[in-house]
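Reviewing the structure listed below.
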Amino acid sequence: MKITVSLIKADVGGLAGHSRVHPDLKAEASLVLESAKNSGKLIDYYVTSVGDDLQLLMTHKEGENSSYVHGLAWEAFIRATEIAKKYKLYGAGQDLLKDTFSGNLKGMGPGVAEMEIEERKSEPIAVFMMDKTEPGAFNLPIYKMFADPFNTPGLVIDPHMHDGFEFEVWDVIAHKKIILKTPEEMYDLLALIGSKSRYIIKRVYPSQKNPHLSHEPVAVVSTDKLHEIAGKYVGKDDPVGIVRGQAGLPAMGEILEAFSFPHLVSGWMRGSHNGPLMPVSIEDAIPSRFDGPPRVIGLGFQLAEGKLIGPADLLGERAFDQAREIALTMTEFMRRNGPFEPHRLPDEEMEYTTMPEVQKKLQKRMVDL
Ligand code: F6R
Ligand code: MG
Ligand code: MG
């Protein structure tokens, strides 16, 4: 049975600044999705939040880019925004960039990650949601899951994985995409995705050579704002991703292993700083210090004819305590650098900058060396 898993998110207002989502917003969005489930158009849904982003996970048979499903998410965000406005929450409706829904959420503000798949005999999925960072934050962990044998020994020792994977990488500046195969093109892949604000892993597929797995997406990441406004830097877009696991794909533990190292990502305060990506539990999915540090939660589900069995809180568990400790040490280390690079981002990547004004003001006083 073909099932589509759609994960759609938007920041429609924060409780106490850009901090978290008020429960009433989640309840209102749930009402919208519940009625769609009752009418049979959605198979199932799960509403949650990470930081100030309202997250709608939905399963259905409408396929990717369905105007019905995108319209439903839009309606849920609009209804949540009405409450956010009433409560005067911070940045009410901030991610809804257009007034009316035009059939697809592309370019309208919300972030979308979706995949249409043939549900396997058993279909474990992990959904990851990040706050205070950008889609390129997924490059390193997705690479590790599907291409790094030091993270995923299955690549070496599982005959069903040994053929490797194909990475669909988007160049969000030139507005182009390319498929790169691992292990063959691993160095080329790394050359691109190391530039994580320009080259973003959008999807991963099993190798076409692999006779054991069908050539369907096994991972997908949201890249929306970046995709739509190519050639121009448009700031951070807190990303989400969906990863399928087990039986010829990375084991759940190999998927999670990729988050055991709190790598440096850009975002954090004013979308203009580098900081560690801290794996946290659902309860701790709330930025605090310096509007961060950037966070990621992982939710595990089993699909059962499209029903979402779960969630399992995948990153809240004790085995990630050390990653959190390291992230907190890194937080202190980075913060001590204050307004200096590489804590502060390079000029062209900053979401907030006074640089042009400062340069203009001081221009006349600048003398030749
Ligand atoms: C980062 C983020 C926050 C805000 C910051 C300033 O992605 O959302 O760090 O940039 O709180 O927000 P304003 O300018 O709305 O006061
Ligand atoms: Mg916000
Ligand atoms: Mg956010």
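The values are calculated or read from the model by the stated rules, or taken from the named source; none is laboratory data. The model shown is predicted, which means the values in this text are computed figures rather than measured ones. Note that each Cβ is placed from the backbone with ideal geometry, even for glycine, and that neighbours are counted across all protein chains shown. In case anyone asks, the SASA skips ligands and DNA or RNA and just uses the protein heavy atoms, side chains included. Shrake-Rupley method; radii C 1.70, N 1.55, O 1.52, S 1.80 Å.
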Query raised in the report: How about segment 16-49: which of its residues are in a strand (DSSP E or B), farther than 20 Å from G111 by Cβ and among the hydrophobic types (A, V, I, L, M, F, W, C)?
Result: I43
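Looking at segment 262-358, what strands (runs of 3 or more DSSP E) fall wholly within it and have at least 2 residues that are more than 16 Å from ligand 2 (Cβ to nearest atom), assigned by TED's automatic domain parsing to the domain that holds M130 and out of contact with any His (no Cβ under 8 Å at 6 or more places or on another chain)? Reasoning before the result, please.
On the way: elements: 264-267, 273-276, 295-304, 307-313.
Where strands (runs of 3 or more DSSP E) fall fully within segment 262-358 and carry at least 2 residues being more than 16 Å from ligand 2 (Cβ to nearest atom), assigned by TED's automatic domain parsing to the domain that holds M130 and out of contact with any His (no Cβ under 8 Å at 6 or more places or on another chain), they are 264-267, 295-304, 307-313.
Please indicate, with yes or no, whether at least one residue in segment 188-198 is in a strand (DSSP E or B), open to solvent by less than 10 Å² (accessible area, probe 1.4 Å) and either more than 30 Å from G292 (Cα to Cα) or assigned by TED's automatic domain parsing to the domain that holds G300 (or both). Give the steps one after another, and end with the answer.
In the first step, residues of segment 188-198 are kept if they are in a strand (DSSP E or B); the result is none.
No, segment 188-198 has no match at all.
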Report summary line: Matching residues in segment 100-125 (within 16 Å of ligand 3 (Cβ to nearest atom), closer than 17 Å to T4 by Cβ and part of a loop (DSSP other than H, G, I, E, B)) number 1
Query raised in the report: When N65 is evaluated against the numbered criteria (1) under 18 Å from P239 (Cα atoms); (2) within 16 Å of ligand 1 (Cβ to nearest atom); (3) surrounded by fewer than 22 Cβ atoms within 10 Å (Cβ to Cβ), which criterion, by number, is the only one it fails?
Result: (2)
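Against the definition (β-branched (V, I, T), buried (at least 24 other Cβ atoms within 10 Å of the Cβ) and part of a strand (DSSP E or B)), how does I142 come out, yes or no?
Details: β-branched (V, I, T): yes; buried (at least 24 other Cβ atoms within 10 Å of the Cβ): yes; part of a strand (DSSP E or B): no.
It is false that I142 is β-branched (V, I, T), buried (at least 24 other Cβ atoms within 10 Å of the Cβ) and part of a strand (DSSP E or B).
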Query raised in the report: Can we say P135 is surrounded by 24 or more Cβ atoms within 10 Å (Cβ to Cβ) and in the same structural domain as H22 (by TED's automatic domain parsing)?
Result: no
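Which one of these is more than 18 Å from the chain's Cα centre (by Cα), closer than 21 Å to A312 by Cα and either more than 16 Å from ligand 2 (Cβ to nearest atom) or not hydroxyl-bearing (S, T, Y) (or both): S6, S30, S67?
Details: S6 fails: more than 18 Å from the chain's Cα centre (by Cα); S67 fails: closer than 21 Å to A312 by Cα.
Exactly one of S6, S30, S67 is more than 18 Å from the chain's Cα centre (by Cα), closer than 21 Å to A312 by Cα and either more than 16 Å from ligand 2 (Cβ to nearest atom) or not hydroxyl-bearing (S, T, Y) (or both), namely S30.
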Query raised in the report: in the same structural domain as R289 (by TED's automatic domain parsing), on the phi < 0 side of the Ramachandran plot and surrounded by 13 or more Cβ atoms within 10 Å (Cβ to Cβ): does that describe L362?
Result: no
Report task. Scan segment 76-99 and give yes if some residue there is among the hydrophobic types (A, V, I, L, M, F, W, C), over 27 Å from E216 (Cα atoms) and part of a strand (DSSP E or B), otherwise no. Result -> no
Requested in this report: May I ask you to verify whether T81 is over 30 Å from Q302 (Cα atoms), among the hydroxyl-bearing types (S, T, Y), at pLDDT 95 or above and within 16 Å of ligand 3 (Cβ to nearest atom)?
Outcome: yes
Query raised in the report: Does segment 50-62 contain any residue that is basic (K, R) and assigned to a helix (DSSP H, G or I)?
Result: no
**Report entry** Residue count, segment 5-38 (criterion: open to solvent by less than 10 Å² (accessible area, probe 1.4 Å) and more than 16 Å from ligand 1 (Cβ to nearest atom))
**Finding:** 9
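If I ask for residues that are under 25 Å from G338 (Cβ atoms) and surrounded by fewer than 24 Cβ atoms within 10 Å (Cβ to Cβ), which ones from segment 281-301 would you list?
Within segment 281-301, I286, S288, R289, F290, D291 qualify.
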